[in-house]
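Enquirer: Handing you a structure now.
A short reminder: the numbers here are calculations on the coordinates, not readings from a lab. Since the structure is predicted, the reported quantities are computational estimates derived from the model, not experimental observations. Quick reminder, even Gly has a Cβ in these numbers, built from the backbone with ideal geometry, and neighbours come from all protein chains shown.
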Amino acid sequence: MNKRILCSAVLVSALAVVLVGLFSVDVRATSGPKKPAGQLSPLEELGKRLFFDAKLSVPEGQSCAVCHSPLVGWTGPDEAANKQAGVYEGAVKSRFGNRKPPASAYAGDSPRFHIDQEGEFVGGMFWDGRATGETLGDPLAEQAMGPFLNPLEQNCPDAAYIVSAVRRSDYAGLFHKVWGPGSLDAKDPQAAYEKIARSIAAYERSAEVNPFSSKFDDFWRKAAAAKLDVADITEANAARFENLGLEARELEGLILFAGKGKCAACHSLDSVGRKPPVFTDFKYDNLGVPRNPKNPFYRMAKEFNPDGKDWVDPGLGGYLREQAGWTTFAASNMGKHKVPTLRNADRRPAPGFVKAFMHNGCFTTLEEIVRFYNTRDKAGARWPAPEVMANINTAEMGNLGLTPEEEGLIVLFLKTLTDR
């Protein structure tokens with residue numbers, strides 16, 4: 001095994017009791033969160049088996065869960081890596097990707113990649129939107145096809161290799177049950193590979209991965225039952241939202257999140273259908289985030305990073321400049337990355353466990369992030385220069401005028417988004 005994912009705690013029992021500092025958890029060897037029998041559909045169960053299968057890499061040992069663990073809200077569970085840049089080692093030792101893995105939960109509502117009426121790009125998957133949904137009609141399924149074949153991640157040579165590994169697995173029978181006899185036929189590996197990806201996407205959309213079980217969700221449902229739209233909350237109508245499940249200071253944080261803090265401008269409070277909000281508008285922004293010199297990608301071989309230490313992450317603009325028909329939009333989107341969900345931002349296996357935030361893991365606490373949003377452009381603030389100077393969002397962040405206490409209230413609200 002090329003890499004062990006070490007955590008300082010392990011969740012035990014159905015009550016998720018945390019025993020701090022007693023065990024090391026190897027995500028490559030786990031089978032995922034346990035749920036009552038029958039809760040997942042056969043398609044979702046198949047996706048789960050694929051998601052946690054550590055044999056679908058070369059060399060074997062790296063599953064999707066290595067970078068997307070339920071212990072930390074379906075993102076990176078390696079605290080040592082998170083303290084550096086949150087960028088993870090692939091199946092091949094010393095090969096690293098260039099970005100922190102985003103959460104794989106609450107992503108299923110992202111639409112196909114397109115330009116909206118305001119002229120902004122929306123949808124797709126990955127930080128740069130390259131899983132557009134044009135091939136399969138489903139960005140989430142297209143995203144699932146990427147890491148298996150990426151030499152910096154699971155490093156499989158081709159779709160045929162993965163299909164063959166699934167055909168030899170102990171859940172091949174389930175695959176045939178779901179997709180029909182012959183669905184793992186070696187004569188058409190691409191068709192089988194697409195079914196593998198759709199199965200993983202089904203699991204990533206399941207209630208096991210997206211339970212909507214946070215304190216905020218309880219509050220949202222009570223508000224909806226009272227015919228109140230949480231997206232409309234203001235200081236003026238705040239009294240109507242009292243005694244619905246959020247404590248007074250958490251409610252103050254929500255009001256700031258929706259108003260003075262301008263957080264909801266990108267991390268939308270609008271519901272998705274009849275579900276609570278997923279706290280993203282699925283668009284792209286350059287937040288003026290500084291480069292992270294700890295990113296191991298800077299030290300990668302020229303085969304993977306020809307620019308070496310001078311590499312600059314172009315984000316969405318980098319994808320667009322390589323696509324016929326989109327190149328004219330590249331310059332105005334350089335440095336932009338997809339707005340992530342805020343759900344489970346504070347999910348961690350033990351108090352004090354360090355997580356990485358932003359596409360390059362340059363921040364490791366929610367307090368840091370809120371302060372950055374609040375003071376990035378404030379006179380006297382000493383933040384490092386942005387990695388990409390063009391296209392920085394100055395409309396919704398930079399000098400918000402929040403007090404330190406108000407920053408803390410927003411962080412307090414963000415902690416209500418942790419699923420139980």
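Enquirer: Specify which of the listed residues (ALA301, ALA385, ALA324) is free of Cβ contacts under 8 Å to residues at least 24 places away in the same chain, surrounded by fewer than 19 Cβ atoms within 10 Å (Cβ to Cβ) and over 26 Å from GLY90 (Cα atoms). Give the steps one after another, and end with the answer.
Expert: Values: ALA301 fails: over 26 Å from GLY90 (Cα atoms); ALA385 fails: free of Cβ contacts under 8 Å to residues at least 24 places away in the same chain.
After applying the criteria, what remains is ALA324.
Enquirer: Just to check your reading of the model, which residue among GLU134, GLU153, GLU204, GLU142 is more than 21 Å from GLU44 (Cβ to Cβ) and either crowded, with 21+ Cβ neighbours inside 10 Å or touching a strand residue (DSSP E or B) at 6+ places or on another chain (Cβ under 7 Å) (or both)?
Expert: Details: GLU134 fails: either crowded, with 21+ Cβ neighbours inside 10 Å or touching a strand residue (DSSP E or B) at 6+ places or on another chain (Cβ under 7 Å) (or both); GLU204 fails: more than 21 Å from GLU44 (Cβ to Cβ); GLU142 fails: more than 21 Å from GLU44 (Cβ to Cβ).
Sole residue among the options that is more than 21 Å from GLU44 (Cβ to Cβ) and either crowded, with 21+ Cβ neighbours inside 10 Å or touching a strand residue (DSSP E or B) at 6+ places or on another chain (Cβ under 7 Å) (or both): GLU153.
Matching residues to (1) within 28 Å of GLY61 (Cβ to Cβ); (2) touching a helix residue (DSSP H, G or I) at 6+ places or on another chain (Cβ under 6 Å); (3) of a type in the set (A, V, I, L, M, F, W, C):
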position	(1), (2), (3)
GLY119	no, no, no
VAL122	no, no, yes
ALA144	yes, yes, yes
GLN154	yes, yes, no
PRO157	yes, no, no
ALA160	yes, yes, yes
SER169	yes, no, no
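Enquirer: Further question: Could you tell me how many of the residues in the range 212-228 are closer than 25 Å to LEU402 by Cα and free of Cβ contacts under 8 Å to residues at least 40 places away in the same chain?
Expert: 0
Enquirer: Would you check if LYS100 is in contact (Cβ under 8 Å) with a residue 24 or more places away in the chain, outside any loop (DSSP other than H, G, I, E, B), of a type in the set (Lys, Arg) and surrounded by 20 or more Cβ atoms within 10 Å (Cβ to Cβ)? Full working, then the answer.
Expert: Values: in contact (Cβ under 8 Å) with a residue 24 or more places away in the chain: yes; outside any loop (DSSP other than H, G, I, E, B): no; of a type in the set (Lys, Arg): yes; surrounded by 20 or more Cβ atoms within 10 Å (Cβ to Cβ): yes.
So LYS100 fails the test.
Enquirer: Filter the range 232-255 down to residues that are outside any helix (DSSP H, G or I), within 27 Å of the chain's Cα centre (by Cα) and among the aliphatic types (A, V, I, L, M) and give me whichever is surrounded by the fewest Cβ atoms within 10 Å (Cβ to Cβ).
Expert: At the first step, the residues of the range 232-255 found to be outside any helix (DSSP H, G or I) are 233-237, 242-247.
With within 27 Å of the chain's Cα centre (by Cα) added as a condition, the list becomes 233, 245-246.
Adding the requirement that they be among the aliphatic types (A, V, I, L, M) leaves 233, 246.
Numbers: ILE233: 21, LEU246: 24.
Once the filter is applied, the top-ranked residue is ILE233.
Enquirer: Please find, among GLU367, GLU406, the residue that is part of a helix (DSSP H, G or I) and under 26 Å from TYR88 (Cα atoms).
Expert: Unique residue meeting the criteria: GLU367.
Enquirer: What about TYR298, is it within 19 Å of the chain's Cα centre (by Cα), outside any loop (DSSP other than H, G, I, E, B) and at negative phi?
Expert: Numbers: within 19 Å of the chain's Cα centre (by Cα): no; outside any loop (DSSP other than H, G, I, E, B): yes; at negative phi: yes.
So TYR298 does not fit the description; no.
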